[in-house]
Structures are given as structure tokens and as C-alpha cells.
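Participant: My questions all concern the structure below.
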């Protein structure tokens, strides 16, 4: 309920009186001013967890309840049975707030003088933005521009600022040139990110030589393996807004060391022939998919590269199961997205093994006549596991098996199917698939992309 007085709010309370009466009421309470490292969230409505019902109703007989008060601030009264009342002496005549779950909008943030001081002194500032900062693009852009630093994202934070922005390193944490910048930074701001092993992938822990500021709503993330010099508990977006508002504009590290594109070019230059083949396919997909089109990807080497190489100008365009690494994610996730937003271009990108975990969902897309391209990268193997076994000196085993004829299988399901052998053919076939009613399976033959 909206209140005219922004310094007051409504709160649900439960009161058990010593005479056995229960009062459940909505009362007006003062809104506190947030202290340092705190945020104030406006919640328009909050659910009641079933575990709160006992506290809320105190065992009263609600079938005989009565109501008084006003429409905006009702009071419901009921009697608590004698048997239940005997266990509640500790809460007699104490009005207790109920419910602590819900979502809302951050309307105010406390100041973090320590974080401000670190950034004011920083000569080589770098920001790592995760999924918890996806709604803070404006503040991130303002802050990184003022600091003349760099911004790198996790896969969950991909596109939080346009990856064409001069400050953006994209989702490039797994790559050595970006890890070198993180190590060289004298202040790193980690906003809304776990800094987990799956965010980095190529190492278990990012090397940092500078001071670390962590902005997060999760207490556990503020006290994990990355011991921060400054902890700011609360909504990452509000904290970033606060830091952006007080940071002075300066010329510094990025001006001297070069824009993000130069560092990404160093990454690209290190790719071998297999990676360049995958890069050509990713760029062909990017060329065709509309600017608001969405990709859902599977656990496959082309998607691992796409986490970095698929250019995203805003968040929510690229989805990848980074944490649990679930094979078979792409097709059902894309199917759900297309059902939810039928007018939007949606593409599934999977490997030849991963797609077989959930390929039966192609029948669902056929039955619903959904325009849904499914790109299958066919390298005839569980490529990443094979490569990791070789790197560890282990003879590959259990990573190569016979694949079905994917195009014939698509036809058997009632879907269109095509086999493509280079980036140009993939782009042409994907463009046609996005214009065709019903699903289309596009098998991209990896060996031919390497030879192209």
C-alpha cells in the first residue's frame, strides 16, 4: 500500500494478549534511515511463508474471527484456545512483526566512506560485475567512466553495459589478458558476484594484488575465500549508484593502457584453429540474431567460447548453465522462452552430446509450431572432457560415440533440418530458420568449419 509519508510504512503484526485475545493488524511504523553499508527497500507486497502461519495466528480459531479498524489498517481479532495459550506466555502483550520475505525497489542507500576513499585513491581501478548487478547498468557505466578503469563481467552479468563500450572487457575472466589486468588493479570492486570457480573456469582463484571492495546482498559471499578490504552489504545497484555519485571524473589507467577492445584483441590472437572455427560460428549467429534475440546454450565448447565472444549490448540476451553445468539445458530453456515471448527471436545452441539429453523436446516445438532454430555443434565428441584428459596426460576414454543423423532425426520429429559446413552457410540457414514456421535443427559440422 502506497503511503503519502515516505518515512512511514505498513507492517503486519501479531499480538497475543494475556486474556487470550489474538489481534492481527496492519500498523504504521517509522522507516529508519539506512546506516553505512545498508539499503532501504520498498516492498509493495510480501508473501507469508507457511512457516510463519503459526506465529501469525497463534493457534487461534480463525473461523470465529471478527474484523474492525479501517480498510487500509484492519485489525482481525480471534480467541486463542486455553490449551494453546499455555505455551505462549513469553509473547503475551508483545506485538510481533510477521514475514521477512519479499522483493522490492531500493529507494535509499547508506554511505560507505571506506569504499569511497579507496576509489578516490585508486590509480588502476577495475570492476567485476555479476548477475546481482544486472539491473545496475547505468550506475556501472557512470562509475567506470568516472574512474577511467575497466569493467569485466561474469557470464551471469554479461551485457550489463554494452560490450562495445571502451571500458568493457566483456565476459572474459577465463582468459589470461583479463586475469593480468585483474592482478594489476590496485582496487577491484566486485559487485553482485560470487567470484566462483565457474566464473573463472581456467583457475580456481583469481589473483589479486590490490584492495578488494565487495558489494553483495549475501552475507556468505562477503566472508568467503576472497577476504575483502571493504564489505558493503546490500543491493549492488544501490551501492554502485552511491559510489558513482561521489566519484570524481579523472583520466587515468584506461586512457594510458588502451580501451577494452585492445585487450580483447589479445585474447582473440591466442585462439588456435579449433577455437577460431568456433569463433566463426559464434559470429555468424551474432550476425543473424536480432539485437533483442535471445540464445540459450548448453555445455559445449562453442558455448564456452560464446560466453565471451557473443557480443551482448544489454543483459538478458545470453543464457548459459555456468554453475551446475547441466547437459541438455539449451533446448527446453529456449522452448520455455519462446512460449513466454512468442514474438521474440529465440535460438538454442547445443553440442552433439548435450542436445541428446533433451532432444525429445523438439517434438513439443513441432506440436506448438514454434519458430525455434536449434543449432547443434557436431564435433563427434565430448570435446572439453577429451581435451582436459589429454592435458592431464590421461588417454581419452568414454568421450567418443556414434551420433545419430541429426537432420534425419529432425525430419522424423516433424521439424525442418539442414546440415551446414561453414560460417556463411550457417548464417544463411539460421536466417531462413528464424523466418520459417516451426522448429529447425541446424547441424554445424565442426570439422568442416576448421577447414573453411
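Participant: Yes or no: residue 76 at pLDDT 85 or above, surrounded by 14 or more Cβ atoms within 10 Å (Cβ to Cβ) and either closer than 19 Å to residue 10 by Cβ or out of contact with any strand residue (DSSP E or B) (no Cβ under 9 Å at 6 or more places or on another chain) (or both)?
Facilitator: Working: at pLDDT 85 or above: yes; surrounded by 14 or more Cβ atoms within 10 Å (Cβ to Cβ): yes; either closer than 19 Å to residue 10 by Cβ or out of contact with any strand residue (DSSP E or B) (no Cβ under 9 Å at 6 or more places or on another chain) (or both): yes.
Taking the combined requirement at face value, the residue satisfies it.
Participant: Here's a follow-up. When you go through 261, 277 one by one, which is the residue that is assigned to a helix (DSSP H, G or I) and not assigned by TED's automatic domain parsing to the domain that holds residue 165?
Facilitator: Details: 261 fails: not assigned by TED's automatic domain parsing to the domain that holds residue 165.
Unique residue meeting the criteria: 277.
Participant: Going through segment 100-131 one residue at a time, which ones are outside any strand (DSSP E or B) and at pLDDT below 65?
Facilitator: Restricting attention to segment 100-131, the residues satisfying the condition of being outside any strand (DSSP E or B) are 100-104, 110-124, 130-131.
100, 101, 102, 103, 104, 110, 111, listed by residue number.
Participant: Given the criterion under 25 Å from residue 364 (Cα atoms), in contact (Cβ under 8 Å) with a residue 24 or more places away in the chain and more than 34 Å from the chain's Cα centre (by Cα), identify the matching residue among 438, 414. Can you show your working first?
Facilitator: Values: 438 fails: more than 34 Å from the chain's Cα centre (by Cα).
After ruling out the rest, the residue left standing is 414.
Participant: Restricting attention to segment 381-395, and to residues there that are in a loop (DSSP other than H, G, I, E, B) and at pLDDT below 90, which single residue is nearest to residue 421 (Cα to Cα)?
Facilitator: In the first step, residues of segment 381-395 are kept if they are in a loop (DSSP other than H, G, I, E, B); the result is 381-382, 392-395.
Then drop every residue that is not at pLDDT below 90, which leaves 381-382, 392.
Details: 381: 17, 382: 20, 392: 31 Å.
Across segment 381-395, the extreme among qualifying residues is 381.
Participant: Looking at (1) in contact with a strand residue (DSSP E or B) (Cβ under 8 Å, 6 or more places away or on another chain); (2) closer than 19 Å to residue 418 by Cα; (3) surrounded by fewer than 21 Cβ atoms within 10 Å (Cβ to Cβ), find the lone condition where residue 363 falls short.
Facilitator: Failing condition for residue 363: (1).
Participant: Let me ask something else about it. Among the residues of segment 235-267, how many are within 27 Å of the chain's Cα centre (by Cα) and within 20 Å of residue 153 (Cβ to Cβ)?
Facilitator: 20
Participant: Being part of a strand (DSSP E or B), without any contact (Cβ under 8 Å) to a residue 60 or more places away in the chain and over 18 Å from the mean Cα position of the chain (by Cα) is true for just one of 350, 408. Which residue is that? Quick ask: steps written out before the conclusion?
Facilitator: Numbers: 408 fails: part of a strand (DSSP E or B).
The conditions single out 350.
The values are calculated or read from the model by the stated rules, or taken from the named source; none is laboratory data. Everything quoted here is computed from the prediction, not taken from an experiment. Cβ coordinates were reconstructed from backbone atoms using ideal geometry, including for glycine residues, and neighbour counts include every protein chain displayed.
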